[in-house]
Ligand SMILES: Nc1ncnc2c1ncn2[C@@H]1O[C@H](COP(=O)(O)OP(=O)(O)OP(=O)(O)O)[C@@H](O)[C@H]1O
Ligand SMILES: [Mg+2]
């Protein structure tokens, strides 16, 4: 669907994008993650034919973004990170304006506007002026705008930035619907956990270079070294009981360290598998350790992100 090879963008002396190579399959919801200045917007603008690369290639369904920009624009819907909306129009008029640009008939436009407003949950704002919409609503209206020509690939640059939790949840719902419709979606953010929840696969870039690209599972596997077990003992254990529990754990294969948390909490760095974790719990209980809570925390993606984009310089 999307094939990027050695894509490079140099602004003056500054290399914003450095030989980025990346493939995304059709129908994928693909997250594009990186810290501020990583090169996300630069990449997306090149894909949307708004910026020329310095070198390298990018093709959407085999169509080259530099050689055939007009064809690419039919295949791509782009939602920029900062967008202007015409405030003096009503929501439906705003969409109608762009639908006219694409040459749709009146009947087609009226049908499509209703469908799009429903898709982005703005049907009750149809006759409301754009300037009285909230920021999150304007973002959804822009998404509807990006969908007018029924593109196969959607490029969304931080569509959920500044949204409250409820609006984000709604955005996730909309993205799932788009996936069900068979669209391919490339969506950027600097919030890795948020993207990992809604995407099938992820690309992480930093300083214009690829750090990781693959499924969310593959990223988790890569980071398995950071696995841990969190244990909470019944409160008010005395010091000797805590020490005894820590001693039991220390002898367990795969345990590489134990950190005391607040009160009766123990955090165990553990490299074993789930069977091993079950054996560990059994051993503690047999030894009479009063375990109240025992769990493996989900991978802390924020930590992973800090780890993989760490400044080595
Ligand atoms: N027109 C330009 N001229 C010079 N440098 C630019 C230009 N546009 C972007 N840059 C630089 O290129 C780098 C990448 O910018 P880009 O906007 O692609 O990052 P980003 O990953 O989208 O960041 P953010 O998360 O802040 O949106 C930055 O260091 C930026 O300063
Ligand atoms: Mg950006």
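With neighbour counts taken as other beta-carbon atoms within 10 Å, the residues 264, 199, 101 rank, fewest first, as 101, 264, 199.
Estimated from the Cβ-Cβ distance and a Förster radius of 45 angstrom, the FRET efficiency linking residue 247 and residue 218 is about 0.75.
DSSP finds beta bridges in the chain, and of those with both partners inside it, around 65 percent are antiparallel. Summarising the label geometry, the points placed 7 Å from Cα in the beta-carbon direction at residue 54 and residue 262 lie 4.9 nm from one another. Across segment 228-295, Cα pairs under 8 Å and at least six residues apart give a relative contact order of 48 percent.
Rounded to the nearest 500, the helix-only mean residue ellipticity at 222 nm of the chain stands at -11000 deg cm²/dmol, with each DSSP H run of n ≥ 4 adding -39,500 (n - 2.57).
Once both labels are positioned 7 Å from their Cα atoms along Cα-to-Cβ, the gap between residue 211 and residue 115 label points is 3.9 nm. Listed by Cβ neighbour count within 10 Å, with the fewest neighbours leading, 279, 273 appear as 273, 279. Put in order of Cβ neighbour count within 10 Å, fewest first, the listed residues 97, 104 become 97, 104. Treating r as the C-beta distance of residue 87 and residue 169 and R0 as 22 Å, the FRET efficiency rounds to 0.25.
Rounded to the nearest 0.05, the FRET efficiency derived from the C-beta distance between residue 105 and residue 64 at R0 = 35 Å is 0.65. Below 8 Å between Cα atoms, with a sequence gap of 6+, how large is the relative contact order for segment 167-244 in percent? Worked out over segment 167-244, it gives 14 percent. Annotation for residue 5 and residue 98: the two label points, set 7 Å from Cα along the Cα-Cβ direction, are 3.2 nm apart. To the nearest µm²/s, what D does Stokes-Einstein give for the chain at 10 °C and 1.306 mPa s, using the Kirkwood radius over alpha carbon pairs as Rh? The diffusion coefficient I find is 71 µm²/s. How high is the relative contact order of segment 103-202, in percent, counting Cα pairs under 8 Å that sit 6 or more residues apart? RCO, segment 103-202: 24 percent.
Each reported figure results from applying straightforward, stated rules to the coordinates on display, with no laboratory input. Keep in mind that what you see is a predicted model, and the values were worked out from it rather than measured. Backbone-built Cβ (ideal geometry, glycine too); neighbour counts: all protein chains shown.
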